[in-house]
Every structure is written in C-alpha cells, then in structure tokens.
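Data first, discussion second: the structure below is written as structure tokens.
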2 protein chains.
Amino acid sequence: MTENATLAEENGSRRGRGDRGGAAARRAARSGAGPSGQLTYIRRNVPFYEVLDDEALALIEANADTVLEEVGIEFRDDAEALAMWKEAGADVRGERVHFPKGLPRALLKTAPPVFTQHARNPERSVQIGGGSTIFAPVYGPPFVRDLDGKRRYATIEDFHNFVKLAYLAPSIHHSGGTVCEPVDVPVNKRHLDMLLAHMTLSDKPFMGSVTAPERAEDTVAMAKILFGNEFVENNTVTINLINANSPMVFDDTMLGAAKVYARANQACIVTPFILAGAMSPVTVAGTLTQVLAEVLAGAAFTQLVRPGAPVVFGTFASSISMQSGAPTFGTPEPSLVSYGAAQLARRLGLPFRTGGSLCASKIPDAQAAYESANTLNSTLLAGANFVLHAAGWLEGGLSACYEKFVMDADQLGMAQKFAAGVDLSENGQALDAIREVGPGQHYLGCAHTQANFQTAFHRSDIADNNSFEQWEAEGQKSAAQRANEIARHWLESYEAPPIDPGIAEGLHDFVARKKASMPDAFT
Amino acid sequence: MTENATLAEENGSRRGRGDRGGAAARRAARSGAGPSGQLTYIRRNVPFYEVLDDEALALIEANADTVLEEVGIEFRDDAEALAMWKEAGADVRGERVHFPKGLPRALLKTAPPVFTQHARNPERSVQIGGGSTIFAPVYGPPFVRDLDGKRRYATIEDFHNFVKLAYLAPSIHHSGGTVCEPVDVPVNKRHLDMLLAHMTLSDKPFMGSVTAPERAEDTVAMAKILFGNEFVENNTVTINLINANSPMVFDDTMLGAAKVYARANQACIVTPFILAGAMSPVTVAGTLTQVLAEVLAGAAFTQLVRPGAPVVFGTFASSISMQSGAPTFGTPEPSLVSYGAAQLARRLGLPFRTGGSLCASKIPDAQAAYESANTLNSTLLAGANFVLHAAGWLEGGLSACYEKFVMDADQLGMAQKFAAGVDLSENGQALDAIREVGPGQHYLGCAHTQANFQTAFHRSDIADNNSFEQWEAEGQKSAAQRANEIARHWLESYEAPPIDPGIAEGLHDFVARKKASMPDAFT
C-alpha cells in the first residue's frame, strides 16, 4: 500500500497550507457537540428497491382480502370498536370482525399519504411519507448495556441519557418514545417522566404513550401545554406505536390508545409485531399477506375513529430460529418482507415504517454490526418513512446499548449521504478534473479536489482508517471502545435546548400533579 | 419475551418426536465438514438496484467517450499493444492512445455477455454474467491475522488454509487467486505453489497468475495438465485480474498477462483499482466516467488480442479519507459507484465484477462488520457477477483474517438466500396456514410450518440467538470467538477432493521442474 503512505503525506501537507482552522471547525461540527451539525430528515434522491412485480403484489393483496373476509380480525374486549365496525358494514361475530372485500381500502382513502409531525423547534419538524425517511432511536428495552459494559435494568437516568444522545446525534431526526424502560419509576407514572424528558431535554419530535388510554390522554394533554391547545388541535405533534397482537388480534390497550390519538388527530403507526414462524407463516409471501390484512384492519379502524387521522403502515419483521424458537435478525427473509411490505404500503398510499438497526447479539460486536447493517440497508432501500430502532438496539431489543447507539448513529449518517444519490451537476461530472490530472497522475492536489475537499465523501466518527501501526500505537481499540469514548464525550458536552420557562413550569406542574393523584404501581 | 420461552419448548419437543437423525444430518451439512452442503453459484431471482436513470447513464457514457478521445489512455512500455491500437484505427501518440468515438464499443461487440468458467469438478463450474453471482475469497494480502489473533506475514501454510476454507465453505463458489501472499516462498516461484494448491486442494474454479507474462504462461500450462490440452483450448478454465493503474494507465505487466490469457481464450477481469479522491475525482459521477473509460480501453484491448475472448467489466471502488488520505470502506460513495458501474456494464453487455466484504478495520469487530455488510449489500443488489474479496478481507486488504473469513462466508450464505427472492407458489402463499391457525394462535405446530421446517429461514453458523443468560453461561463469546472455533474445526475436518493421481503427479512434476529452472528471487 505504498499509495497510502504517499497520499497521507500529501494530504497532510495540503492541510498544513493554512487550513487548520477549517479542519478544527469541521471536527467540532462532526463531534456533534451541539445541534449545529444537525441533519434534516432524509428527502431521498435514490429509487426504491422493489422485489415483487405487480402480479405478485396483486396476488398478495387478493390473499389478504380473503383472510380479512374469511378468517377475520379480532378486536378484543372493545365493545365500542366492534360497534363501530358493525356500523361501518363489517360482519361482526363475537369479537371477530369479517370484512367485506374492499371495505378497509375504501375507509383508508381518507388517510393522508404524507403528513408533518411538528417538533417544538420548527427546524426539527419532519415529513412522514413520500420520499422522506426519519430515523428514531430504539424503543422498549427493559435493560441497558451501560458505559462500563454492564448489563442491568434501565433507569430514568439512562432514559435521560438516550434522549440526550438522540438530541445530539446529527443523523437522528426524532427523539423516539420508550428509548428504554425506566424500571426505577412506577409503571403507572413512567410515561409522565418519559414525556417530560422528550419535551424538555430535546427539541426533536417524539412519540406518545400507548400503554393505557389514560396515558395517551396525558400525552395529548402535555403536548397541549408544550405546543398550545389550538396548535395541537390542528396539527400532528405525536406519533404513536399501535402494535397488532399478531396473528390477527388487536387488544383493548392498543385500541384504547389508538382511539385517543386518532380522535386528537395524532398519528398512529399500526404495526403487526411479527416473528415469522411463530406469529405468521414461515414464508415471506404468507407473512406479507398476514401483515397486509392486519394493517388494513387496524389502519382502517383509525379512519373509522376520525377520517383523515394520520396513520402509518407499520411492520416489524423478524424470523425465529427453527432450532430454538429464538428471534433472529439481519437474515434474508425479514429483508424480503420489508421490501415487499413497503411496496404494499405505497400501493395503499400510506406512509411506511419498518426496520432499524436490529440484531440478536448480546454485545456490540461483529454479529451486532452485520445484522444491524443488513437490516438498515434493506430499511433504507425499501423506502421506510419512519425508522424506529435506528440506533441503540441490542440483544433482540432487550437492551439499549450506549456504544451501539453511537455506532448506529454513525451508520445513519452514511445512509443519509447514500440517499442523496449521485450529483450529476457539472461539478459532479468532474470532466475538467479528469482533463487536468491525466494518465498516471493523482487527484489530491487538483483544483476540483480542493474545491470539493470539505464535502467530498462521508466522514465516519467511528471508523479507524489509519495504518495498523498507528492503530496499534493508539491502543488497539475496537469500534465499540471508540464509541464508548464518543458517547461519554457527547453526554459530558450536552446542553439542553432552550425552552420557554412558563411552558417548562407547566409541564413540570402537570407531571407533579398527576403523580400525586395516584399510588405507585410497579406491575 | 415470554413467547420465546414457549417457542423454544415447543420447537424442542417437536424435534424430539423422532427427528433427531434429520437434525444431526442438517447440523453436519451446515458445519461444512464436507462439500456435501455446497451451494451452486447464485442464479438471481431478485431485481437489480439501479441508482441512475437512462439520461444519467448516457451522460456518463458520453463523458467517458470524451475522455477516451481527448485525454486518452496510456498503454505503457508495450510496443505490441500500441501497434495493435494503431492498426485498429486509434490515434497513438507516444504511449498515449486516443480513441475515435465508438471504437472501443465496436470492438467489444465480440465479447461474450455470459461465459462459463469450468472447474475440474463439473458441479463447481460457474456461469459468469447475466443473473449469476459468484463469490470468491480475498485476494492479495501480504499479512494474515491468524487463529491466535496475531498479525504476521502470510506463509504458504496460510495460503493452503484459506484454499481449504474456501473449498469447505458452502457459500463460496470459487477458490480465488492470491488468497494471501505466501511471503516465505520466493517471489518468482510463488505462483507455482499457489496454482498447485488451488488445483489439488480444491475442486472449485480458480484464478491465474498476473504478475508476469511468463507466470500467466505457467498458469495456462498447468491448466492444460489439469484439464487436458484440448479442453483448455476450447474452454475458459481460469479468470484473471487485469488491473488498470488508475488513472488511465495500463502497465506492461498487466498488458503482458492480458495478452497471454486472451490469446488462450481465458477470462480477464479488467479492473480500474480506484481510491476515489486519489486515483479518480472525488465525485461519484466523475469516478464512474473514468472507470468506464478505463474499462472500455482495457476490455476492448482483449478483443483486439482475440475477438470473443471472455472479459469482465471490473471495478474496485473505494474512497480516501480526506483527512488522512487513508482508504475507507463501506461508505456511501463506493456503493453508489458500484451500483452505477453495474448499470454501465449491463448497457455494455459485459459481465461485471465489484465489491466484496471490504473494510478498513484492523480486527474482526463491529467496524469490520458494518463496512463489510454495507459493501456486500450493494455488491449483491448491484448485480455483481464475480465478487472477489467476498470473504476474509481485513485492514484495507492488507490482512487475510481467518475469523473474518468464516464470518463473511456466513453472510454470503444469507446473500444467496436473499437472491432466491420470494416464493410465490401455493406453499409460499401459505393461505391455508393462516386459515388453520387463526387469530391469537401461533404457527409453530401447524401443518404448514412442519412441512417447511427444514428449509424455512436461513440458519447462521455464527449468530448467537440464545438468551442473554445462556450466552453468558456459554462463555460470553463474541462472533469472532465463535468464528475462530469454526475455522479451527473446518481445518481439522478438511479432506482433499479426489484427483486423478497421474494429473496430480504431472502438476507436481511441472512445479518441481519449473522451480529447479530458476534461482530464488525475493523481490
């Protein structure tokens, strides 16, 4: 690699020619030490990757219609929901709803294909649908793998830390929801502390509570304190995870939360949570059929509640190990499901959620990275509009990992650069550079390279591209060790975004009042 | 994760019902302990991912034509090559060849879009071009990272080991070439030992020597011993890496080897070896322009030598770090280059080589895996027909790593499963399974799952999908540690494929005679 040594020297000397200030500024911007380097959400300039042709899609759609009509979907323990379906023309037998062909699709005509989720900082508002992609952190882990490498139950301090990291990470566009379960806070009060953290420690958009209808009501109430009553009535300021209890069941909790949010014109992500082989058939086409049937029923229900309420076609696709029954990630079948589901969502005219940086590994090692990269690549190329679990997911979602959060965020920056596509401007074509340099020379010092020095090529915060000798001299660190240092540095450098003191006081008062009104519950 | 516990139990009990023999057979097949589980090369059933539209492609083609005409390509120190170009109608000034618009394309009309590279075991022969993909091991590293975690110069024993691993890995279709540099063998004799290893320790197809024309002649001579004179004269039995010395130079060594191979109807992969920013412009479109110009010139040259000789459109696309000049891998820009170059190759009607499992990391950690997975995903979706460096590449190609070889091979198996696409048969649609199971139940015991138990879902050899507690009890191993055990196991279990003793003797005699005819040279 004699070229490399040469390049390093030449490049070093070039930088030496009076560019030190610029390099320092760039390093500061890249360190994410403040939100100055924040990226807006992705507006894709690359095509979708589509694995199914029209005939295959029509077949799966017809099969989903058959499932909806013949097998039906259960809306459990919710008399109101069942009455609404009966009223809408469905065939309701007990808790089982059978759908006349075409009914869910007809209801979904009122759902917007694209909507804006507003953030309290308008620069952080995101468009969900169309060619946009939004990255949000991991959701739901009861454990963390902390910065000392210890796996333990998550606390509210961890929750705050992950909100801070998501706020600081330039490539994460959304503060997410249950970034980890703050197990040290009573179950019935957690949502208040979580919402307070998202609303005050970050200015990015966030997710609401779905674990009980009254907690969804609290979410809307707090959003009204943050954004003002009128704004919330007219705009979408929360997005909320309404999971199907696959196969083919929506339970009372989820339906209750969906009703609260849809009535308030807040967004629902209707997501069949599927480990294929357990909650769906062992085949990709069979899984897609069931996913589509469940989404059609659940998403159409939001339109029964309030026509026009924003709703997202969600999938969480994984497979089980046929040996052990354990969930697996980053394998080929869930990628195929993601690609296919994205196509079905586009045909339905709904925004789409899938994927993330999913893995089964217990540590941020090569397994974690292979699996996460496989998932993220298919997520991005499929055209997911909302990407939950984009950073920090470890161990099948049981742990939120600080190191992996930072490593994943680095990958998200690359994904965003990729999605910008190929620059075909005259500068992008670089014909003059080729003319200037000519055979056998190099491009390092040429005018075109100098003009594009700052923006050319994605720069990773995590990757070590140095020589073996330099890497060795610097302590032979793994990517996870470098990520550990960055996570510590980010947390030390964190400063909360400004907030109107009256609003902050209102939020704190609401939380204090609510907490005082209930006894602690830990189950 | 209460579902998982249940699933594991049920799955365990199902297997208990008299399927132990089958499970053991599958484990044996998956361990790669013999070539019984070998996969044939990929015949893709998924579309290509294309980042450029027709207008963009035409623009890049026009720019490449301009570069070929105005700037030209140097064919250095090869009077014969320059005379051939003059004879063909090019404008030759010194060593610089300027190409009238359309000349290279016209010459390439004789190049086959698809060809077969024969292996001595006909079941291992591969089709190169069209919808096929062939995975071959890393090529060129002077170092290894060995099974004791030590980085040291590679030896002929390492070379043998990597040939054995590639032979055993079911997802690697090709034995490759310089899987590592056997630094303990004199430079002028290495090719003999390397060829002997590929020909006797494996029965998969292999690559020839390109480091000097006489070594290319030795390759063809040894191939004739292995396959018979007549077979080699009528068939392609070697594939050979002819790199451009980018920008826009082909040197004497490469041209000499290309002439030997093309004359013998053996395949050349004409590959601009590019670290963008150093050997090409810092932009994707500029790099694609130069790549296309270089390939057009080099590949057309093979057709001047022998019309109809098989030739592959190669790219090796990476970028440099603009801070240090060091090569980077797994970043967005090289992926875009791979996607674009694949489209240009298809428009030209040539088979295509790019990518692999590339990374800059010094160890098989998360960086290595993120970067390798990013590269492999784009390689596969781009539609690369020949994938060099598909397994074992570490540290920018300076090291061949045993652990990473096994981890990458596991990923290649997943890529192959992905490329099979979505099964839309009645069994794939699984409508009866959905009918049978119904809302709120699970699919583990259903007839459809049982019928598809053996083939459903890719099974990773490396991934640990067990619970945290089980993983902890089993020693908290990283993916690299598990890969280390598998690599050791594979090497212990290796048995050479049968070979005609007369042929083996002929090969050994040839090598002995050739070695005796030259003094050792170490530079």
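The sole residue among B:Leu398, B:Leu431, B:Leu388, B:Leu424 that is within 7 Å of chain A (Cβ to nearest Cβ) and in contact (Cβ under 8 Å) with a residue 40 or more places away in the chain is B:Leu398. For region A:251-262, the criterion of being within 30 Å of B:Ala433 (Cα to Cα) and surrounded by 24 or more Cβ atoms within 10 Å (Cβ to Cβ) is met by at least one residue. The set of residues in region A:326-342 that are in contact with a helix residue (DSSP H, G or I) (Cβ under 7 Å, 6 or more places away or on another chain) and within 11 Å of chain B (Cβ to nearest Cβ) comprises A:Ala326, A:Pro327, A:Phe329, A:Gly330, A:Thr331, A:Pro332, A:Glu333, A:Ser335, A:Leu336, A:Val337, A:Tyr339, A:Gly340.
Looking at the structure I just gave you, is A:Pro307 more than 21 Å from the chain's Cα centre (by Cα) and more than 8 Å from every other protein chain (Cβ to nearest Cβ)? So A:Pro307 fits the description; yes. Of all the residues in region A:107-123, those that are in contact with a Pro (Cβ under 8 Å, 6 or more places away or on another chain), under 24 Å from A:Leu39 (Cβ atoms) and not β-branched (Val, Ile, Thr) number 6.
Within region A:230-251, which residues are within 14 Å of chain B (Cβ to nearest Cβ) and assigned to a strand (DSSP E or B)? Spell out how you get there, then give the answer.
So in region A:230-251, the residues within 14 Å of chain B (Cβ to nearest Cβ) come out as A:243-251.
A:Asn243, A:Ala244, A:Val249, A:Phe250 - these are the residues of region A:230-251 that are within 14 Å of chain B (Cβ to nearest Cβ) and assigned to a strand (DSSP E or B).
Picking from A:Arg347, A:Arg353, which residue would you name as being more than 7 Å from every other protein chain (Cβ to nearest Cβ), surrounded by fewer than 24 Cβ atoms within 10 Å (Cβ to Cβ) and either in contact (Cβ under 8 Å) with a residue 60 or more places away in the chain or within 16 Å of the chain's Cα centre (by Cα) (or both)? Just one listed residue meets the conditions, A:Arg347. For region B:49-63, the count of residues that are assigned to a loop (DSSP other than H, G, I, E, B), under 16 Å from B:Leu296 (Cα atoms), modelled with pLDDT of 95 or more and not hydroxyl-bearing (Ser, Thr, Tyr) is zero. Each residue in region A:374-421 was checked for being aliphatic (A, V, I, L, M), crowded, with 24+ Cβ neighbours inside 10 Å and farther than 21 Å from A:Thr178 by Cα, and 5 of them qualify. Applying the criterion of being in contact (Cβ under 8 Å) with a residue 60 or more places away in the chain and under 16 Å from the mean Cα position of the chain (by Cα) to the residues of region B:175-201, the residue that is surrounded by the fewest Cβ atoms within 10 Å (Cβ to Cβ) is B:Gly177. Residue-level check: of (1) more than 9 Å from chain B (Cβ to nearest Cβ); (2) surrounded by fewer than 21 Cβ atoms within 10 Å (Cβ to Cβ); (3) touching a Lys or Arg at 6+ places or on another chain (Cβ under 6 Å), A:Glu95 misses just (1). Among the residues making up region B:310-320, those that are within 14 Å of another protein chain (Cβ to nearest Cβ) and touching a Phe, Trp or Tyr at 6+ places or on another chain (Cβ under 7 Å) are B:Phe316, B:Ser318, B:Ser319.
Conditions tested, residue by residue: (1) within 14 Å of chain A (Cβ to nearest Cβ); (2) touching a helix residue (DSSP H, G or I) at 6+ places or on another chain (Cβ under 9 Å); (3) closer than 24 Å to B:Ser280 by Cα; (4) part of a helix (DSSP H, G or I).
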| residue | (1), (2), (3), (4) |
| --- | --- |
| B:Thr66 | yes, yes, yes, yes |
| B:Glu70 | yes, yes, yes, yes |
| B:Glu74 | yes, no, yes, no |
| B:Asp77 | yes, yes, yes, no |
| B:Glu80 | no, yes, no, yes |
| B:Glu87 | no, yes, no, yes |
| B:Pro104 | no, yes, yes, yes |
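Residues that are within 14 Å of chain A (Cβ to nearest Cβ), among the basic types (Lys, Arg) and either part of a helix (DSSP H, G or I) or loosely packed, with under 13 Cβ neighbours inside 10 Å (or both) within region B:467-521 comprise just one, B:Arg482.
Scanning region B:272-289 for residues that are more than 7 Å from chain A (Cβ to nearest Cβ), part of a helix (DSSP H, G or I) and not polar (S, T, N, Q) yields one hit, B:Leu288.
Would you list the helices (runs of 4 or more DSSP H) that sit entirely within region B:348-432 and hold 2 or more residues that are under 17 Å from B:Ala480 (Cβ atoms)?
B:366-382, B:402-419
Would you check if A:Gln323 is surrounded by fewer than 24 Cβ atoms within 10 Å (Cβ to Cβ) and either facing chain B (nearest Cβ under 9 Å) or among the basic types (Lys, Arg) (or both)? So A:Gln323 fits the description; yes. Checking each residue in region A:98-136 for being crowded, with 16+ Cβ neighbours inside 10 Å and either polar (S, T, N, Q) or modelled with pLDDT under 95 (or both) picks out A:Thr116, A:Gln117, A:Asn121, A:Ser125, A:Gln127, A:Ser132, A:Thr133.
The values are calculated or read from the model by the stated rules, or taken from the named source; none is laboratory data. Just so it is clear, the model here is predicted, and its values are computed rather than measured. Methodologically, a virtual Cβ is constructed for each residue, glycine included, from the backbone with ideal geometry; neighbour enumeration extends over all protein chains shown.
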